[in-house]
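Below is one structure, written out as structure tokens; comments come after it.
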Amino acid sequence: MSKKKTSPKKVSPSKGKTNVKKMAPKPIKTASKSSSKKLSLKKTATKAIRKVSKPAKASPKKTVAKPAFTKKPPALSKKSAAHSKQVAGPKKSAAKPLPKTASKAPASKSTAATPKPAQQSAPPTPAPAPKSQAVKKASKSVTAASGPTKSGALFYDSHMHTPLCKHAWGEPEEYAQQAIKAGLKGIIFTCHAPMPNGFWPTVRMAESEFDTYVALVQRAADAYKGKLHVCLGIESEWFPGYEDYIRELHGRAEFDYVLGAVHWQAKEYLAKFESGTIENFRRIYFDHLAKSAETGLYDCLAHPDLVKNYHPDSWCFAIIKNSVAACLDRIAATGVAMELNTSGLNKSYSEMNPGNEMLRMMAERKIPVVIGSDAHRGHRVGDQFVTALNNLTEAGYEHVSYFQKRQRIDLKIRDVLASLKKAADHNA
């Protein structure tokens, strides 16, 4: 999670009414196999066989259409339902106060499916984390799955927020408009996921706002259809003992991208793990970063050296380098990608997350990289992407990635750099 210099403030969604299109499937007609009977004709030497077909009647099944992004939404309480009805408004309207109605967004053509979650609820109190094992990602990467748009746009910004996280500002449409100016083909919203048991509630959407979040992204996707590909993602907190809850959460909607995050600054995290020296705390953080990858719950890991902002004046990569190397070895074994987060330039330790030395270590282990702005305001979408791509090249990377339907797509860095310039010039 990233923070801007300005102090966070709550943004309350405006009231409205949900309007989601319903689509009932056409009846499926089925027919049983025909049966034959022999009929004897009296007083004749011949026999006739008459086949009688009895088609089975099939009544159409009644189904209720659900939002384009939603997979298995949880049952809503009266309070939750009230929150989800805050979204209303006409299609393809200009950005207006939060939030509005979402219409069905275009689905990605990718065939990779979202993993089915285990239907379990969160434990009443955090349980000890199970021993994790390296899990190879099942999804295969695709090189240049689709070409650039007419403007030349090719790449995605894969990390940004909405006001529902209580420390971001601006409507999703504002982020989308900036993405077009930046020469991007698409954006993926990754707002902070809800967590159980009141875990750090001041920086994330509430449980009752999850459907509102999905609707906000759908609204932007509809408004910019044909101009920008707007996708649904989530920045999903990892904390030991909450794996079952997180797994169930990831099955509530058809996400394009699930971004894992370990936030050392959470009061619960500090209370449980802040002990010993500063370096010891940082080693614990990197161990947890590797454990989050080993759960198999995530596509990518956000701002992977965020802990350098813990007592930033004492950060020395050389001291922690061996621990980082062990962490990266474990992550490389899982196939999980890692993020190059450009918002690190605005944090207390002014450097992208991760820094260039760690980036080179990632390249040596062939860990895929996704770029995200971690925008909490619209104007930051696509910020410093050219610098980030150049950093990747200097570190030894030739490809950069993004995700669609939980499937990694790899692009050549030189092609992405050319596309950003061409599309930005086209849209100027």
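Tabulated data
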read-out	value
Residues of segment 384-400 that turn out to be surrounded by fewer than 22 Cβ atoms within 10 Å (Cβ to Cβ) and touching a residue at least 60 places away in the same chain (Cβ under 8 Å), as a count	1
Hey, Ala333 surrounded by fewer than 24 Cβ atoms within 10 Å (Cβ to Cβ) and without any contact (Cβ under 8 Å) to a residue 60 or more places away in the chain or not	no
Filter result (surrounded by fewer than 17 Cβ atoms within 10 Å (Cβ to Cβ) and without any contact (Cβ under 8 Å) to a residue 24 or more places away in the chain) within segment 274-287	Glu274, Ser275, Gly276, Thr277, Asn280
Top-ranked residue in segment 370-383 [being surrounded by 23 or more Cβ atoms within 10 Å (Cβ to Cβ) and among the small types (Gly, Ala, Ser); ranked as nearest to Val336 (Cα to Cα)]	Gly372
Residues of segment 304-321 satisfying the condition of being more than 19 Å from His288 (Cα to Cα) and in a helix (DSSP H, G or I)	Pro312, Asp313, Ser314, Ala318
Failed condition for Ser348, given (1) modelled with pLDDT under 95; (2) not in a loop (DSSP other than H, G, I, E, B)	(2)
Among the residues listed as Pro312, Pro304, Pro354, the single one being surrounded by fewer than 22 Cβ atoms within 10 Å (Cβ to Cβ) and not aromatic (Phe, Trp, Tyr)	Pro312
Test: residue in segment 187-197 that is part of a helix (DSSP H, G or I), in contact with a Lys or Arg (Cβ under 8 Å, 6 or more places away or on another chain) and more than 22 Å from Arg408 (Cα to Cα)	no
Qualifying residue in segment 345-367 (condition: within 20 Å of Asp157 (Cβ to Cβ), touching a residue at least 12 places away in the same chain (Cβ under 8 Å) and under 18 Å from the mean Cα position of the chain (by Cα))	no
Ile188 being surrounded by 24 or more Cβ atoms within 10 Å (Cβ to Cβ) and in contact (Cβ under 8 Å) with a residue 40 or more places away in the chain	yes
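For (1) of a type in the set (S, T, N, Q); (2) assigned to a helix (DSSP H, G or I); (3) under 27 Å from Glu243 (Cα atoms), each residue gets a yes or a no:
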| position | (1), (2), (3) |
| --- | --- |
| Ile284 | no, yes, yes |
| Leu297 | no, no, yes |
| Ser323 | yes, yes, yes |
| Arg330 | no, yes, yes |
| Met338 | no, no, yes |
| Glu357 | no, yes, no |
| Arg360 | no, yes, no |
| Leu389 | no, yes, no |
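The values are calculated or read from the model by the stated rules, or taken from the named source; none is laboratory data. Computed from a prediction, not measured in an experiment: that's the story for all the values here. Cβ: placed from backbone, ideal geometry, glycine included. Neighbour counts: every protein chain shown.
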